[in-house]
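What follows is a single structure, written as structure tokens, with notes after it.
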Amino acid sequence: MENASTTTLVMKRLFEVAPERVFDAWLNPDMMRKWLFTLETTNKIALNDPRVGGTWEIVDVREGKEYRAIGEYLVIDRPHKLVLTFRMPQFSETVDQITVEFKAVDAGCEMTFTQEIVVPHEEDWTAEDIEKALTEYHTQTEHGWGYMFEGLKQLLETGKINYPS
């Protein structure tokens with residue numbers, strides 16, 4: 001995409017369950033609808049075709065508005081690695097790439113999450129504007145995933161998510 005920059009977000013999380021369980025939570029629609037870009041109570045659609053070239057889609061409804069996240073699977077190597085594209089067409093034409101690696105550790109599973117975040121530029125942006133946007137996208141994305149990963153951890157380790165009301 002022309003007039004865009006990329007920032008890379010890397011996050012690590014530990015889960016006290018086997019790597020297979022964490023890996024499967026990314027691909028099982030019943031699990032996806034509980035934590036991935038959505039919550040069970042607000043989820044409208046959780047679909048996927050978990051094969052290389054297959055697609056996934058999540059539709060979440062908040063305050064009467066639909067938010068749609070879609071992508072394609074590029075690599076599926078259970079239980080080691082998952083690579084997929086991510087985009088939200090209502091906000092932007094940009095396509096991010098997400099890589100999730102799962103490693104068995106004594107405590108269970110270490111998940112390393114990497115997202116290549118594409119930040120579109122406005123026409124008249126200066127280098128300073130671009131830097132500011134990259135920082136904001138990085139911070140907001142990290143915050144969003146942090147919230148989701150906390151839910152995923154609760155879901156995998158206790159069977160349910162207790163979000164603060």
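The values are calculated or read from the model by the stated rules, or taken from the named source; none is laboratory data. What you see is a predicted model; the values in this text were computed from it and never measured. Cβ sites come from the backbone with ideal geometry, for glycine too, and all protein chains shown count toward neighbours. Accessible surface areas use protein heavy atoms only, side chains included; no ligands, DNA or RNA. Shrake-Rupley method; radii C 1.70, N 1.55, O 1.52, S 1.80 Å.
Placing a pseudo-label 7 Å from each Cα along the Cα-to-Cβ vector at Glu93 and Ala107 gives an inter-label distance of 4.4 nm. For the stretch 110-163 versus the stretch 1-62, the spacing of their alpha-carbon centroids is 13 Å. Take the stretch 1-128 with all the other protein chains still there, run a 1.4 Å probe, and you get 55 Å² of accessible area per residue. Taking the chain as the region of interest, the number of lysine pairs whose Cα atoms are within less than 15 Å, with members eight or more places apart or on different chains, is 8. A Förster distance of 35 Å, applied to the separation of the beta-carbon atoms of Leu14 and Glu128, puts the FRET efficiency at 0.40. Of the solvent-accessible surface of the stretch 48-165, computed with a 1.4 Å probe and all protein chains present, 48% belongs to carbon and sulfur. The stretch between Lys65 and Met148 holds 27.9 nm of extra length on full extension. This uses 0.36 nm per residue minus the Cα-Cα distance. I need the shape label for the stretch 14-96. Rule: rounded when a/c is under 1.5, else prolate if a/b > b/c, else oblate, with a, b, c from the alpha carbon gyration tensor. Note, shape of the stretch 14-96 comes out oblate.
Per-residue ellipticity at 222 nm from helix content only, as computed over the chain with -39500 (n - 2.57) for each DSSP H run of at least four residues, stands at -9000 deg cm²/dmol.
Shown is the FRET efficiency for Arg51 and Asn3, computed with R0 = 45 Å from the Cβ-Cβ distance and rounded to the nearest 0.05: 0.85.
The string of couplings for the stretch 107-124 from the Karplus curve (6.51, -1.76, 1.60, θ = phi - 60°) is 6, x, 9, 9, 9, 10, 10, 10, 10, 8, 9, 8, 10, x, 9, 7, 4, 9 Hz, one whole number per residue in order, with x for Gly and Pro. Over the heavy atoms of Glu157, what accessible area does a 1.4 Å probe trace out, to the nearest 10 Å²? Counting only protein heavy atoms, the figure is 70 Å². Among (i) 49, 37, 35; (ii) 41, 35, 32; (iii) 64, 36, 20, only one was calculated for this model; which label is it, if the read-out is Cα extents along the principal axes in Å? The value matching this structure is (i).
Enter the angle in degrees (range 0 to 90, nearest 10) between the Cα long axis of helix 127-158 and the first principal axis of the Cα atoms of the chain, meaning the one along which they spread out most. With both axes taken from Cα atoms, the answer is about 10 degrees. Applying the Karplus relation 6.51 cos²θ - 1.76 cosθ + 1.60 with θ = phi - 60° to the stretch 20-26 yields 3J(HN,Hα) values of 4, 5, 5, 4, 5, 5, 7 Hz, where x marks Gly and Pro. Here the Kirkwood formula, the inverse mean of 1/r across different C-alpha pairs, assigns the stretch 66-133 a hydrodynamic radius of 14.3 Å. In this Cβ point-charge picture (+1 for Lys and Arg, -1 for Asp and Glu), the chain has a dipole of about 840 debye about its Cα centre.
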